[in-house]
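> Questions regarding the structure given below will be posed in turn.
The values are calculated or read from the model by the stated rules, or taken from the named source; none is laboratory data. Note that the coordinates shown come from a computational prediction; the quantities given were computed from them, not determined experimentally. Positions of Cβ are backbone-derived with ideal geometry, glycine not excepted, and every protein chain shown enters the neighbour counts. With ligands, DNA and RNA removed, areas are computed over all heavy atoms of the protein, side chains included. Shrake-Rupley method; radii C 1.70, N 1.55, O 1.52, S 1.80 Å.
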Amino acid sequence: MIKYDRLWKTMEERHISQYDLYTYYEVSKSLLHKFRKNENIEIFTLDRICTILECNIEDIVEHVPDEQYTQYVKMQRKAAAADHSRASRQKEYGETPSEK
């Protein structure tokens with residue numbers, strides 16, 4: 001999951017308020033709402049915000065692994081490793097894939 005909690009801290013450090021963003025920098029209130037709800041933000045928009053705040057992307061964005069998806073990825077990696085191992089053995093020993 002991508003979280004934007006760091007954005008608010010960086011804004012505070014730079015003394016830039018939400019009011020400043022939508023009044024002086026043409027950042028929409030709906031975009032600020034997306035940041036608050038950790039919704040999808042285009043990379044172009046993140047670039048604009050970094051420019052406004054004179055910061056790096058990691059000053060506004062944080063990746064927090066989703067536990068359920070992490071477990072899924074681990075299972076997929078195991079399956080891929082098993083397939084790779086099986087394919088390597090078949091190639092090395094000239095085995096043909098067994099029919100199911």
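> List pairs: first in the stretch 2-15 and touching a residue at least 60 places away in the same chain (Cβ under 8 Å), second assigned to a helix (DSSP H, G or I) and surrounded by fewer than 13 Cβ atoms within 10 Å (Cβ to Cβ), Cβ under 8 Å, 6+ apart or cross-chain?
Taking only residues 6 or more apart or on different chains, not a single pair turns up.
Let's see how each residue does on (1) outside any helix (DSSP H, G or I); (2) under 14 Å from Y4 (Cβ atoms); (3) modelled with pLDDT under 95:
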position	(1), (2), (3)
L32	no, yes, no
L46	no, yes, no
P65	yes, no, yes
Q68	no, no, yes
K74	no, no, yes
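> So which residues in the stretch 14-30 are open to solvent by less than 100 Å² (accessible area, probe 1.4 Å) and assigned to a helix (DSSP H, G or I)?
R14, Q18, D20, L21, Y22, T23, S30
> Hey, among the residues in the stretch 57-75 that are more than 15 Å from the chain's Cα centre (by Cα) and open to solvent by 90 Å² or more (accessible area, probe 1.4 Å), which one's farthest from L21 (Cα to Cα)?
M75
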